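K.L.:
Below you'll find the structure I mean.
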Amino acid sequence: MPWSELGRVLIVSPHPLFREGIVRLLGDQAEVVGVVASLAEARSAIRKHRPQAIIVDHENVELEEADLAPLLWPELESVRIIYVTLAGNEMIIHDRQRVVAATEKDLLDALKGASYKRQSPKESLREAHPRPAQRAPEIPERGGIMRKLTVPLLITVVLSVPVALWFWRTDLTPELAAREGQPIDFLLRLEFAIAGVIFVLCMVFFFYSLVVFRRAPGDLEDGPPVHGSTPLEVAWTVIPAIIVIGLASYAAGILWDIMPTTGYKDELVVDVTGFQWGWRFEYPDLGITSSELVLPVNRPVLFRLYSVDVIHSFWIPELRIKMDNIPGIENHLRLTPTKVGEYKVRCAELCGTAHAYMLAPVKVVEQSAFEEWVKSQTAAAPAPPTGAAGVDAQAAERGRALAQQFGCLGCHSTDGTKLVGPTWKGLFGSTRTFQDGSTRVADEEYIRESILNPSAYVVEGFPDVMPKNFKDQLSEDQIRDLVEFIKTLQ
Ligand code: CUA
């Protein structure tokens with residue numbers, strides 16, 4: 001581009017002849033970004049276009065470099081300001097001290113900054129136009145800064161104490177029910193207390209500046225051209241870095257303490273399998289598989305975490321620590337429940353449509369109650385009621401175990417409760433109404449199809465979220481057992 005060597009040029013003159021003459025003279029050698037008539041227009045044009053050169057009609061415009069300095073900051077050094085007078089056939093370029101008759105070429109050279117050698121704008125500014133006092137940037141003296149900081153710092157200190165205390169004493173987490181959760185809660189309180197103080201610091205200075213340094217009525221001046229402050233920038237980099245590194249090291253220490261890699265004496269092993277969308281709990285030493293997690297209080301538990309499909313995350317908020325169930329990887333998590341109560345396992349990893357419903361009941365019970373539960377799970381299960389004709393009682397019992405093992409009961413109740421999926425109570429033999437309005441009687445073939453291809457019949461009022469992979473997990477015999485079990489639930 002031909003004009004690139006001369007750059008962006010702004011022309012300031014009230015006279016059309018002057019303006020047109022200069023524009024024509026520059027031709028296509030410069031990019032004329034503005035042609036303005038007055039000082040006020042020049043100001044806004046400079047702000048808007050950031051010109052690299054300004055040609056001023058010296059006869060008719062009272063425009064000194066000192067006027068422009070605050071506007072051109074911080075590019076002042078590199079902006080060329082050329083004062084030109086047109087007198088008859090003559091063009092005169094003013095160079096502060098000298099007035100020189102000039103040719104068109106001189107002007108172009110001046111724009112290029114080539115043969116037209118001049119002092120740096122700052123030097124010539126200082127020599128020719130001693131900076132008027134009212135133009136000096138209003139950067140307060142150091143003592144003044146300290147005085148101005150005293151009040152907001154005092155307010156910060158006064159407000160920080162209650163805010164930090166509030167965060168320190170408020171329960172931000174659900175009740176704590178595991179030994180390993182104590183240092184986590186302590187760390188959380190500490191972090192919130194520190195964050196609270198930093199929040200107060202920022203807000204106090206923010207509102208203090210808004211109020212105290214607000215514009216006075218009628219003041220249209222720009223603020224002082226503050227460039228930066230090295231001590232301030234070093235401070236706000238180093239201090240947060242120290243806080244963050246300190247907290248991170250402390251947190252790493254805590255993690256080290258609460259995630260032991262060697263087993264506790266007498267720990268209970270529970271294999272936790274996550275699947276879309278439920279949980280299966282196996283107690284390998286007790287030979288129990290369950291869809292609810294029952295734990296004895298005050299006994300360490302080793303959870304071995306698995307997934308059969310996608311990544312899930314095993315989380316009981318009251319027990320604090322959570323860990324991912326990753327397909328193909330066995331993760332270990334050790335926790336010691338300390339409070340008898342009923343909690344819930346939640347999946348903490350977005351894993352598909354029914355992620356939000358991926359819950360399982362947790363019961364922390366006394367040792368004696370746990371032993372009773374174990375006994376009830378391992379004892380020969382009572383024969384299922386044989387209300388319906390043609391139910392194979394043994395197959396139904398196997399089906400009940402499968403329903404627990406594969407987490408069916410996480411979504412389908414056996415007592416009529418509406419969960420994610422339709423209840424199994426009274427399912428067999430009933431007439432089902434589907435999303436498209438069609439109906440069908442639920443016979444053995446319907447239940448079998450619904451297990452293998454859940455999307456074939458989506459019951460009205462329920463989401464199509466049942467896993468589609470049971471055909472890979474269940475044999476034909478197992479499906480028949482499940483159907484038998486459902487048949488008993490009348
Ligand atoms: Cu499994 Cu979310």
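K.L.:
How many percent of DSSP beta bridges within region 5-73 run antiparallel, rounded to 5? The partial results should precede the final answer.
P.N.:
Numbers: 0 of 9 bridges.
If we restrict to bridges inside region 5-73, about 0 percent are antiparallel.
K.L.:
Also, I was wondering about something else. For the chain, what is the percent of antiparallel DSSP beta bridges, rounded to the nearest 5? Let's see the in-between values first.
P.N.:
Working: 40 of 65 bridges.
Among the beta bridges of the chain, antiparallel pairing accounts for roughly 60 percent.
K.L.:
Report, to the nearest 10°, how far helix 393-405 tilts away from the longest principal axis of the Cα atoms in the chain, using its own Cα long axis and a range of 0 to 90°.
P.N.:
For 393-405 against the chain, the angle is about 20 degrees.
K.L.:
Still on this structure: Taking 8 Å as the Cα distance limit and 6 or more residues as the minimum spacing, I'd like the relative contact order of region 303-361 as a percentage. Don't skip to the answer; put the middle values down first.
P.N.:
Values: 102 pairs, mean separation 21.1, N = 59.
Value for region 303-361: 36 percent.
K.L.:
Tell me, THR85, THR230, THR170 in order of fewest to most beta-carbon neighbours within 10 Å? Let's see the in-between values first.
P.N.:
Values: THR85 18, THR230 7, THR170 10.
Going from sparsest to densest Cβ surroundings: THR230, THR170, THR85.
K.L.:
Also, I was wondering about something else. For LYS148, which aspartates and glutamates qualify as cross-link partners when the Cα separation must be under 16 Å and same-chain residues fewer than eight apart are set aside?
P.N.:
Straight-distance partners of LYS148: GLU138.
K.L.:
Can you sort THR414, THR273 from fewest to most other Cβ atoms within 10 Å of each residue's own Cβ? Intermediate values should be presented prior to the final figure.
P.N.:
Numbers: THR414 17, THR273 21.
Listed from fewest to most nearby Cβ atoms, that is THR414, THR273.
K.L.:
Compute the distance from the alpha-carbon center of region 296-375 to that of region 426-490, in whole Å.
P.N.:
28
K.L.:
So, one more: Could you grab the relative contact order for the chain? Cα pairs under 8 Å, six or more apart, rounded to a whole percent.
P.N.:
Values: 765 pairs, mean separation 44.0, N = 490.
Computed over the chain, the figure is 9 percent.
K.L.:
Run the numbers on region 268-378 and let me know its relative contact order in percent, using alpha-carbon pairs under 8 Å that are six or more apart.
P.N.:
On the way: 268 pairs, mean separation 33.4, N = 111.
Contact order relative to length: 30 percent.
K.L.:
Angle between the Cα long axis of helix 16-26 and the longest principal axis of the chain, 0 to 90 degrees, nearest 10?
P.N.:
Taking Cα atoms only, the helix is inclined about 70 degrees.
K.L.:
Sort the chain into rounded, prolate or oblate with this rule: let a ≥ b ≥ c be the square roots of the eigenvalues of the Cα gyration tensor; rounded if a/c is under 1.5, and if a/c is not under 1.5, prolate when a/b is larger than b/c, oblate otherwise. If you can, show how the numbers build up before the last one.
P.N.:
Numbers: a/c = 4.35, a/b = 2.47, b/c = 1.76.
Cα axes put the chain in the prolate bin.
K.L.:
Between beta-carbons, use under 11 Å as the cut-off and find the net charge around GLU342, counting Lys and Arg +1, Asp and Glu -1.
P.N.:
Working: positive: LYS339, LYS344, LYS363; negative: GLU292, GLU318.
Net of charged neighbours comes to +1.
K.L.:
Roughly what angle does helix 230-258 make with the longest principal axis of the chain, taking Cα atoms, 0 to 90 degrees, to the nearest 10?
P.N.:
The helix 230-258 is inclined about 10 degrees to the chain.
K.L.:
Filter LYS265/LYS418; LYS363/LYS425; LYS322/LYS487; LYS265/LYS468 down to the pairs with a C-alpha to C-alpha distance above 32 Å, please. Show your work: numbers first, answer last.
P.N.:
Details: LYS265/LYS418 42 Å; LYS363/LYS425 25 Å; LYS322/LYS487 38 Å; LYS265/LYS468 41 Å.
Checking Cα-Cα distances, LYS265/LYS418; LYS322/LYS487; LYS265/LYS468 exceed 32 Å.
K.L.:
If you don't mind, another one. Any idea what log10 I(q)/I(0) is at q = 0.10, 0.17, 0.20 Å⁻¹ for region 152-293, Debye with uniform C-alpha scatterers and no solvent?
P.N.:
Reported log10 I(q)/I(0), two decimals: -0.64, -1.14, -1.30.
Read the figures in this text as sums done on the coordinates, not as results from a lab. Keep in mind it's a predicted model, so treat the numbers as computed, not measured. Please note: Cβ atoms are built from the backbone with ideal geometry, for glycine as well, and neighbour counts cover all protein chains shown.
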